[in-house]
Structure formats: C-alpha cells, structure tokens
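Working notes, beginning with the structure itself.
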Amino acid sequence: MSKRKMLINTDHPEECRAVITEDGNLEDYIVEHSMQELIKGNVYRGIITRVEPAIEAAFVDYGGKKYGFLPFKDVHPSSYIETGERKAKVRIQDVLFSGQKIIVQVVKEERDAKGPTLSNYISIPGRFLVLMSGSDSTGVSRKIEDEEERKKLKEILSFLDLPGDMGVIIRTAGLGRTKLDLQKDLQMLKKIWETIEKEANRSDSKPIMLYRGPDMVVRTVRDHFTADTQEILVDNHDAYKKIKEFFKLVMPRMQKCVKFYQNSKPLFSQYNIEGQIESIYNRRVELPAGGSLIFDIGEAMVSIDVNSGKTTSASELEETALRTNLEAADEVARQLRLRDLGGLVVIDFIDMLQKKNKSLIEKQLKQACKKDKARVNISRISRFGLIEMSRQRMSPPVKEAAFDRCHFCEGSGQVKSIVSIVLNVLRSIQELLAQGHVAVLEAVISNQAVNYLLNMKSRFIWELEQKHNVKIQFVGKENLSYSDFSYYVLEKRKEEEKIIEKVKDKEEEKEKRSKTNGSASVKTNGSDSVIEEGVEKVSDEEEEKPKKTSSRGGRSKSGTAKRVSRRTGNKRAPQGKTKKWKSRTGSKTSAEDKDSTKPGTENIGSEAGNSFGPQQPESHAEPGKTSLPEASPIEPTGLASPVEPKIPGMSPPEDWLP
C-alpha cells in the first residue's frame with residue numbers, strides 16, 4: 001500500500017504551497033500567490049452593463065477590474081424580467097436589460113485580455129456534497145464508477161431534506177459516508193445559501209461580494225483529503241489551527257492526522273520536493289527508459305512530443321516504442337496535473353505498427369487521467385500517431401504566476417542579433433533624415449547598440465552627418481528592448497539655412513559639370529597633337545621628293561592639302577577666334593600677324609626667328625567648311641601649303657627662296 005501524505009508550506013505570506021506525495025513522488029501541486037488572487041467560486045451581486053444580442057451574452061460589472069462575461073444559456077429563467085409579451089423564442093434582449101441586478105458566480109478565471117466567465121446557476125461545494133441553486137435534480141459524481149456504491153448513495157439522497165428549488169450532487173469524497181455525515185454537510189451548505197440571499201436583497205446599488213470560498217489551506221484539505229491519506233504536515237501555526245477546526249467540524253475522527261512540523265530544515269526540502277517542483281517549469285522531462293517529453297505551450301493548444309530512448313537493434317524498435325509510450329502516457333497525465341494545463345492537448349507518440357500496442361497506450365492514458373479532478377476527454381490514436389485530448393481549465397497555469405513574460409523576446413525564446421538591430425537603427429535614422437529640415441536628431445536605444453554603432457559604424461554616421469548637415473546623438477539605456485527604441489527630432493533648420501543649402505547644392509552641381517567638361521577638352525587637345533605630328537610626317541615625305549612634286553606644279557600642292565585635310569578631320573578654329581598649336585619644343589605661336597618682324601611676311605615660330613614666304617591672304621571661308629589657300633606659280637613645288645595656321649617649327653627649303 002502506497003504512503004500518501006499532504007504537505008502544506010505557508011511560512012511566507014506571499015505564497016502558499018501544498019503538495020500531495022505518494023511514496024515520495026510528487027502527484028499534485030497546488031500554489032497560490034498573494035499578488036494573483038483567485039476568484040473562481042466566489043458569488044457576487046452584479047449589474048448588467050451591456051447586452052449583446054449578436055453573441056447572446058451580457059457583460060456584468062461584478063466589482064473586478066474587467067467586466068464578466070455572462071452567456072445567455074447560463075442565465076436561470078428566474079432572473080428574467082417579465083415584459084408581458086409571449087414569443088415563440090426567448091431572446092436575451094427581451095428578458096435582460098442594462099442596469100439590472102443579478103446574482104452571478106465566477107466559473108472561470110480571467111485570462112490574458114479576457115474577463116472572467118460568469119454563471120447565474122450558483123453551486124456551493126462542501127466536503128461531501130455540492131449544493132446547486134435553481135436545480136431540483138440530484139446525482140452522484142461520475143468518478144464513482146462502482147454501481148453498488150452509486151445505488152447506496154442514491155438511496156441516501158432520497159432521505160435527505162432538500163429545498164424545493166435546489167439540487168445536490170455527492171462528491172467523490174462522499175464515497176462510504178453515512179447518512180448522518182451527508183446530512184450535516186447539507187445543513188452547513190443551506191446556511192451559506194441563506195446568507196447569500198440575505199446579502200443580495202440589500203438596497204444599495206453597487207456590486208458586492210456575497211460569498212467567498214475558503215482560503216487555499218482549507219480548500220486544499222477539503223478537495224484533496226481522502227481516507228488513504230496518512231498524515232497532513234503543516235509548517236505554520238495559524239494554518240495548523242484552521243485545519244484543526246475544519247476537521248473538528250467536518251471529520252472529527254480524522255483530527256489525529258493533522259501534525260505541526262517544527263524542524264529547522266524546510267518542510268519540502270526534508271521530503272525532497274523542491275527539486276521535483278523545479279522540474280515542473282522545464283520544457284524537457286526525462287523518462288526512466290531513456291526517452292523524453294517536450295512541452296510546447298501555445299495560444300491555441302499544448303503540444304507534447306514523445307522522443308524515443310536508445311535502441312540497439314532493429315528488432316527492438318516496436319518493443320522500445322511500446323515501453324517508452326507507456327511511460328510517456330503516465331508522465332503526461334501527471335505533468336498536466338502538476339502544471340495545471342488546460343484546453344486542447346495534442347500528444348505525438350512514437351509510431352507503432354501493431355494495433356494491440358496502440359490500444360494499450362489509449363487505456364494507459366485514460367487510466368492515468370482518472371486521478372485528475374478536471375474533466376478530461378481523450379480520443380483514439382490517429383493514423384499519424386497523434387492523440388487529441390481536452391482538459392478542463394481549473395486555474396491559471398502554475399508557470400504564469402512563477403514567471404514574468406520576457407519583454408525582449410515576448411515569449412518566443414529568440415531575440416534579434418545586435419548586427420540586425422544596429423542596421424535597423426541606421427535605416428530608421430536615414431528614413432527620418434530623408435524627410436529633410438532636420439538639424440539635430442536623437443536616438444534612444446540600448447547600451448549594447450550604442451557601443452556597436454560608435455565602434456563599428458562611426459565613419460558611416462560621420463558621412464551621414466556631413467551629407468545631410470545634421471547632428472546625430474545617441475542615448476543608451478540599460479535593458480531596453482528593440483520594440484521600445486525611439487527617435488526624436490530635437491531641432492529643425494530655419495528657412496534661411498534651407499535656402500543656403502539649396503544654393504550650395506547648385507554650386508556643387510556646377511563644379512561637377514565644369515570638371516566633366518575639362519576632362520573632355522583635355523582629350524581633344526591630345527588628339528590635336530597627334531594630328532600635328534601626322535601633318536609634319538606628311539610634309540617631311542614631300543620634302544624628300546622635290547622633283548616629282550615640282551614637275552606637277554600646283555596639282556600636287558592641292559592634292560597634298562586634301563590629304564592633310566582628311567587626316568585632320570576638317571578640324572578648324574571658329575571664325576574670329578585664334579587657335580594655339582604646340583610645337584615639338586613646347587613654344588606657342590599665334591596664327592595672326594601681331595608677332596611678325598617684317599611687313600608682308602609671317603612668323604611661324606622658328607627658334608632662329610627667321611621669316612619666310614609671302615603673307616597669305618585672309619581666309620573668308622564659311623564656318624564649318626574647309627578653306628584651302630590658292631596655289632602660286634612662283635612658289636616652289638617642294639612644299640605643299642598646309643591648312644592655316646601654318647605648321648610651326650619647320651624651316652623652308654633652299655630652292656624655295658626667289
């Protein structure tokens with residue numbers, strides 16, 4: 001026979017804990033925090049604030065932080081307001097009105113942004129019975145499965161003195177109790193109900209509390225104490241007195257089970273409970289055979305993954321899967337009780353091939369869930385190896401009260417890297433600067449982001465400041481999440497500064513254009529020097545053949561001029577302007593007669609300063625057309641007349657002189 005004990009730790013007013021152990025193993029864990037007050041089971045006189053026909057519900061102000069949600073199906077007909085109209089279907093807007101007083105009981109705690117769920121059907125639990133208002137039916141708890149015991153308890157119910165408009169259900173703890181025990185419990189519940197009705201008839205119009213359930217210590221003993229519990233250990237003297245009084249009133253013969261713990265070592269540490277409680281908060285739970293369970297709690301459901309242990313051969317796959325799944329079924333039921341997880345639960349067991357093994361897993365899970373006081377519905381294993389089950393939400397999960405939500409990851413378990421954060425900060429700054437007219441910008445970010453920016457992105461920040469003519473300031477704060485980063489424009493530019501900036505931008509554009517035009521002119525001058533060399537080469541060739549050219553006279557002169565014109569690409573200076581040519585020695589000359597030493601002669605820039613040849617007539621060619629000088633019969637045929645201006649640095653042949 002297993003040793004069952006109840007340990008109650010209330011040495012600190014901020015937290016009250018109670019555990020139930022079997023052979024030293026933690027089987028149930030109940031905890032209540034002073035900052036998280038539980039109101040489930042409390043009865044209030046509330047006021048209807050709003051009726052919503054679309055969802056067939058009403059919102060009730062019961063005195064809490066959020067309005068309670070009252071479904072129309074949970075409103076007793078005795079609370080309807082008679083209007084004298086008879087309709088085939090009763091509608092909520094016809095029988096409930098805003099401002100109406102109504103008695104409600106909290107059946108589900110508030111969760112997240114939702115308020116508590118209320119009901120107009122009041123039920124008051126006792127030690128062995130549950131008294132229900134507005135119901136004339138009686139019954140026995142479904143967890144009592146023995147048919148003979150159920151018949152005995154129903155016979156006892158028929159002899160109880162029940163009010164006409166109230167019903168009774170015998171709880172699991174009433175199994176094996178006599179008629180006298182049940183009658184005493186019923187008398188106590190009737191007194192509580194009379195007190196509720198008396199308080200509800202008060203004349204004031206404010207929401208008030210009519211009934212509060214017992215504190216956690218008494219409630220734990222009332223709901224979890226069974227006949228096979230050997231002892232109850234309490235480490236607080238006040239809690240010890242409360243439990244003693246409760247047993248004296250309800251179970252006087254069991255008072256000897258209550259004991260006061262006085263050792264210096266903490267109660268839970270004495271029985272090795274602290275380590276087991278800490279394992280409740282872990283995501284991974286190890287199994288005896290080497291497998292493990294992985295718990296993932298989401299908004300819609302709780303998913304549990306069963307991982308297999310070590311296998312040595314392929315023949316042991318089915319056997320290992322069965323052994324691990326059987327252990328997982330027991331542990332899943334236990335963990336759901338300890339963590340107080342409710343709603344939809346999906347369990348992914350290890351795949352098995354044999355149908356008999358699958359049925360064994362289903363039976364094992366159902367048997368393990370019988371210890372749970374919450375309602376549990378279990379489906380069969382699907383073809384994907386999944387079992388879907390639902391569990392009644394008794395109270396908020398244990399982890400919610402013991403842990404605060406991380407404001408960095410918001411519960412996801414992952415945060416952005418520092419590089420990603422810094423790049424997003426710079427993009428946000430650039431977006432603000434693109435709007436223009438910003439003189440001073442301040443960014444409030446985390447200290448880690450500030451350090452990275454100043455060490456790794458200082459040059460980029462400096463370039464931003466120079467480009468936009470802005471001053472960027474960073475303010476670092478400790479433990480500031482990325483979602484809380486903020487950016488402020490501390491100072492904007494004046495209108496005069498804006499105009500000056502536009503003028504500067506235009507000047508910069510002009511400078512850029514002038515630079516591009518200068519580079520183009522340099523390229524043109526380089527091509528002109530090549531042309532000069534080409535002309536000089538052609539002239540040298542003509543000088544080597546003086547006889548051939550002299551016999552043909554002016555025709556060779558014009559032909560040479562045409563060839564030179566083709567090679568120069570018809571490049572001529574615009575009319576009315578002078579064009580400078582570079583000689584091989586780098587000296588500069590002009591095509592005009594300003595520097596000539598003799599009238600009628602032209603200085604073509606020889607180093608000796610010699611002047612030769614007659615002055616050429618002024619050209620009156622049209623712009624864009626090539627103008628060639630006319631041939632003279634007295635000119636020597638050894639030199640062709642080049643395109644004006646004449647080529648500098650060239651000496652005339654001796655036979656050319658008259």
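The values are calculated or read from the model by the stated rules, or taken from the named source; none is laboratory data. Only a predicted model underlies this, so the values are computations on that prediction, with no experimental measurement involved. We place every Cβ from the backbone using ideal geometry, glycine too, and count neighbours over all the protein chains shown. Accessible surface areas use protein heavy atoms only, side chains included; no ligands, DNA or RNA. Shrake-Rupley method; radii C 1.70, N 1.55, O 1.52, S 1.80 Å.
Remarks
- Lone qualifier among LYS206, LYS198 - being in a loop (DSSP other than H, G, I, E, B) and modelled with pLDDT of 85 or more: LYS206
- One residue stands out in the range 127-176 among those that are closer than 21 Å to VAL376 by Cα and small (Gly, Ala, Ser): the one that is farthest from the chain's Cα centre (by Cα), namely GLY139.
- Considering ASP330, ASP372, the condition of being in contact with a helix residue (DSSP H, G or I) (Cβ under 6 Å, 6 or more places away or on another chain), within 30 Å of ARG17 (Cα to Cα) and at pLDDT below 90 is satisfied by ASP372 alone.
- Residues that are surrounded by fewer than 18 Cβ atoms within 10 Å (Cβ to Cβ) and in contact (Cβ under 8 Å) with a residue 40 or more places away in the chain, drawn from the range 347-358: ASP348
- For the range 383-401, a tally of residues being modelled with pLDDT of 90 or more and either part of a loop (DSSP other than H, G, I, E, B) or open to solvent by 40 Å² or more (accessible area, probe 1.4 Å) (or both) returns 3.
- Checking VAL104, VAL130, VAL140, VAL95 one by one, the residue that is open to solvent by less than 60 Å² (accessible area, probe 1.4 Å) and either of a type in the set (Asp, Glu) or in contact (Cβ under 8 Å) with a residue 60 or more places away in the chain (or both) is VAL104 and no other.
- Candidate set from the range 70-89 (those that are within 18 Å of GLY134 (Cα to Cα) and β-branched (Val, Ile, Thr)); member that is most open to solvent (accessible area, probe 1.4 Å): ILE81
- Residues being hydrophobic (A, V, I, L, M, F, W, C) and without any contact (Cβ under 8 Å) to a residue 40 or more places away in the chain - total across the range 438-485: 13
- The criterion of being over 28 Å from LYS198 (Cα atoms), touching a residue at least 24 places away in the same chain (Cβ under 8 Å) and of a type in the set (A, V, I, L, M) does not hold for LEU70.
- For the range 413-438, filtering for residues that are open to solvent by 80 Å² or more (accessible area, probe 1.4 Å) and assigned to a loop (DSSP other than H, G, I, E, B) leaves 5.
- Of residues in the range 110-127 being open to solvent by 30 Å² or more (accessible area, probe 1.4 Å) and closer than 30 Å to ILE243 by Cβ, the one modelled with the lowest pLDDT: GLU110
- Listed by position, the strands (runs of 3 or more DSSP E) enclosed by the range 232-302 that each have at least 1 residues that are open to solvent by less than 50 Å² (accessible area, probe 1.4 Å) and closer than 30 Å to LYS179 by Cα are 258-260.
- Taken together, GLY41, GLY99, GLY24, GLY64 contain a single residue that is of a type outside the set (Phe, Trp, Tyr) and touching a Gly at 6+ places or on another chain (Cβ under 6 Å), which is GLY41.
- Answer residue from the range 1-59, given it is among the basic types (Lys, Arg) and more than 22 Å from LYS373 (Cβ to Cβ) and is most open to solvent (accessible area, probe 1.4 Å) among those: ARG50
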